[in-house]
Amino acid sequence: MRHLLVLLAFFSATAVSAADLVLTNGRVYTVDPSNPWVEAVVIENGTLGFVGSNEGAEDFIKADSEVIDLEGSFVMPGIHDVHMHPLEAYDGAEATCVLTDGQSASTHARKIETCAKNNPSSSWITAWGYYIEDILNLRNDPKKILDQVVSERPIAAMELTSHAIWVNSKALELAGITAQTPNPPGGVIVKNSKGEPNGILLDNAGNMIREQITEPTPESLDLTYHGLLEGLDELARNGITSISDARVYWRKKHHEVWQRAEREGNLSVRANLALWTYPHIDDRQIETLQQLYDNNSDSLLRINQIKMYVDGITPLTTAALKKEYEFDYGWIDRNRGLNYFDQQRLTKFLSLLEPLGFDFLIHSIGDRATDEALNAIEQARLINGNLGQRHRLTHLELVDPIDIARFRELGVSADMQVAGDWTHPKAYHRDVGYLIGDRGHEAIPLRSFYDAGVNLTLSSDFDVSTMNPFVGMKNALTRGDQSLPSIKEVIEAYTINAAFSMRQEEWTGSLEVGKAADLVVLDRDITKINTSKIDRTKVLLTMLEGRETYRAKDF
C-alpha cells in the first residue's frame with residue numbers, strides 16, 4: 001500500500017496539482033544524498049509532492065493553498081527515537097512520589113513519608129528517582145529506614161534506571177519474599193548477613209514487585225492513557241515524529257493503551273511497540289507474543305518488535321561481563337553479572353518469533369551480554385536462514401572490539417544513548433570506575449561502530465535521560481576519539497538510519513517526493529552553528545504526514 005501511495009504522489013506531482021501546504025524560503029536538509037539541500041517543500045494529502053527550489057514550488061500554489069514563508073529557518077526530517085519509554089514515564093498509575101537522585105536515604109524516606117500522607121487512599125506507596133549509591137553503605141537494612149516512615153502500607157521506590165526497587169517490610173511480606181525465597185531469573189533479592197531480605201531488589205526481582213503494584217484496572221488504564229497523551233505532546237514539542245516504545249508490558253495491557261490512542265485519533269507519532277518478554281514466565285508466553293503481532297504499514301501503530309534483556313547495568317554489577325568486576329558487592333556468584341535470558345533461551349525466542357516478522361530489540365550493556373546476543377542471532381539464522389530481520393542491540397556500553405565487526409556481518413543495528421551527562425567517557429569512568437576499572441574509558445564506542453560500517457542509531461532511553469534529541473546530537477560530537485565525524489552522521493542516526501531500524505525508510509526518514517511529510521522546523525541551522533550550542537536548539541514546528549502536531553507560540 002505504501003508503494004502505491006508513493007507512485008500516486010509521484011504522478012500527482014508530475015501533474016502539478018494544487019498543494020495543501022507550501023513551505024518556502026527555508027534551508028531544508030533532506031537527508032537525501034541525491035538532493036541534500038533545497039529551499040521549499042510542497043505537501044499534498046500528507047505526502048511530499050515537491051522538494052526543490054522556491055521557483056519550482058510556485059507552480060503548486062493555488063488559491064486554496066496555505067503558504068508559510070520560513071524566512072530562512074532550518075528544516076529537516078522528523079526525529080526518530082528508537083528506544084524510549086514515554087508510556088511508563090508519564091504513567092499516572094505508576095509513581096506517586098518523584099525523588100531527587102544524589103540525596104541521602106533519610107532524605108528520600110522523609111519525602112516518601114510526605115507522599116504517603118498526601119495519598120492516603122493509595123494501597124501502595126510508589127516512588128522513583130533515587131540513585132543506588134544513595135541507599136548503600138547504611139548501618140541498618142534499607143528496608144528499616146522505610147519501615148520507620150510507613151509500616152502499615154507497602155512501599156516500592158524505583159531506582160533512577162528502573163533496575164532496582166527499594167521496599168519496606170510490608171512490601172516484602174505481600175510479595176511473599178522471605179529468607180528462603182530463591183533469586184528469580186535475571187534478578188537478585190539482596191540479603192543481609194543473617195540471610196534475610198534487606199529491602200533491595202535488583203533487576204527482575206524488582207520487576208516482579210512492580211507487576212503486583214499496577215494490576216490493570218479500567219481506572220488505572222485510564223490514568224495511563226491520559227499520561228500517554230501528555231507524553232505524546234512532549235514528543236511533538238521535541239520534534240519527534242517516530243518512536244519505539246522499548247518496553248511494552250502486555251500483561252499490564254499497555255499495548256491496549258496505545259491502541260486506544262490510535263483508535264481515538266490521538267496518536268501523533270509513528271510508534272513501533274516492543275513487547276516485553278518476562279524471564280520468570282515459561283516459554284508458553286511465545287504463543288501470546290505471536291498473537292499480538294500487528295505490522296500493518298498503513299497504520300501509525302505497529303506491534304512488530306520484541307524487547308529482551310540479556311543483562312542488567314554496571315552500577316549494580318548486574319551487567320554481564322567477560323571479566324569480573326573490580327569490586328564485589330557479594331550479590332552475584334562469580335561477580336560477572338547476571339542473565340535475564342541466557343544464550344540458549346534467547347536463541348529459542350528468536351528462532352520461533354523471527355519467521356512471523358518480529359524484529360528484536362535486545363538490551364545489552366556488558367561485553368559478555370553482547371557476545372551472547374550475537375551468538376543467539378547467529379544460531380537463529382542457522383535455524384531460519386536469513387529472513388532479512390532488523391534486530392538491534394541497545395546500550396552497548398562495554399563491547400569487546402572483536403564483536404563490533406559481527407554487527408555488520410549479521411545485519412544487526414547498534415543503538416546507543418549519549419544524551420545523559422553520565423554517558424560521557426570521563427563521567428562514566430568516575431561513576432563506575434571502581435567497579436570496572438580502566439574499562440570505563442572504553443565505554444560506549446560510538447565511533448568504532450560507525451567506522452565498522454554498522455547501521456548506527458542514537459536514541460534517548462527516556463526517561464533515564466532527557467528526550468531532547470539536540471542534547472544527544474551535541475554529545476555525539478563531543479566524545480573525543482569516539483565522536484561521530486560530523487553533524488551529518490548524527491542527523492542520519494536520528495532519521496534515516498532509525499527509519500531503517502523501524503522498517504519505514506521507504507516512506508519516512510528523509511524528505512523526498514512521495515514520502516510522508518514528517519518534518520521539523522528549527523530555530524537554528526544545526527549544521528552551521530558551534531557544536532557547543534546545538535543543545536540549545538528549539539523546535540518551531542513539528543509535522544506528521546503534513547499534520548501539525550506542535551507549533552511554537554512565536555512561530
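The values are calculated or read from the model by the stated rules, or taken from the named source; none is laboratory data. These numbers were taken from a predicted model, which means no experiment stands behind them. Because the Cβ atoms are built from the backbone with ideal geometry, glycine has one as well, and the counts that use them run over all protein chains shown. Accessible surface areas use protein heavy atoms only, side chains included; no ligands, DNA or RNA. Shrake-Rupley method; radii C 1.70, N 1.55, O 1.52, S 1.80 Å.
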Is there any pair with a first residue in the stretch 374-402 that is over 22 Å from residue 304 (Cβ atoms) and a second that is open to solvent by 40 Å² or more (accessible area, probe 1.4 Å) and not in a helix (DSSP H, G or I) whose Cβ atoms are under 8 Å apart and which are 6 or more apart or on different chains, and what are they? 400/322
Filter the stretch 115-153 down to the residues that are out of contact with any Gly (no Cβ under 9 Å at 6 or more places or on another chain), in a helix (DSSP H, G or I) and open to solvent by 60 Å² or more (accessible area, probe 1.4 Å) and list them by number. 117, 118, 148
Could you grab me the full set of residues in the stretch 253-276 that are surrounded by 23 or more Cβ atoms within 10 Å (Cβ to Cβ) and either modelled with pLDDT under 95 or polar (S, T, N, Q) (or both)? 272
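Could you tell me which of the residues 177, 165, 200, 209 is part of a loop (DSSP other than H, G, I, E, B), open to solvent by less than 60 Å² (accessible area, probe 1.4 Å) and in contact (Cβ under 8 Å) with a residue 12 or more places away in the chain?
Going through 177, 165, 200, 209 in turn, just one is part of a loop (DSSP other than H, G, I, E, B), open to solvent by less than 60 Å² (accessible area, probe 1.4 Å) and in contact (Cβ under 8 Å) with a residue 12 or more places away in the chain: 177.
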Filter the stretch 295-312 for residues that are of a type in the set (Ser, Thr, Tyr) and either open to solvent by 60 Å² or more (accessible area, probe 1.4 Å) or over 21 Å from residue 376 (Cβ atoms) (or both) and give the result. 297, 299
Does the stretch 45-59 contain at least one residue that is closer than 30 Å to residue 459 by Cα and open to solvent by 50 Å² or more (accessible area, probe 1.4 Å)? yes
Does residue 90 meet the test of being within 30 Å of residue 392 (Cα to Cα), among the hydroxyl-bearing types (Ser, Thr, Tyr) and at pLDDT below 95? yes
Read through the list (1) touching a helix residue (DSSP H, G or I) at 6+ places or on another chain (Cβ under 9 Å); (2) under 15 Å from residue 28 (Cβ atoms); (3) of a type in the set (A, V, I, L, M), then give the number of the only condition that residue 511 fails. (1)
Tell me which residues, restricted to the stretch 180-197, are more than 29 Å from the chain's Cα centre (by Cα) and assigned to a loop (DSSP other than H, G, I, E, B). 180, 181, 182, 192, 193, 194, 195, 196
Quick check on my filter: what residues within the stretch 28-37 are within 20 Å of residue 490 (Cβ to Cβ) and either open to solvent by less than 10 Å² (accessible area, probe 1.4 Å) or free of Cβ contacts under 8 Å to residues at least 24 places away in the same chain (or both)? 28, 30, 33, 36, 37
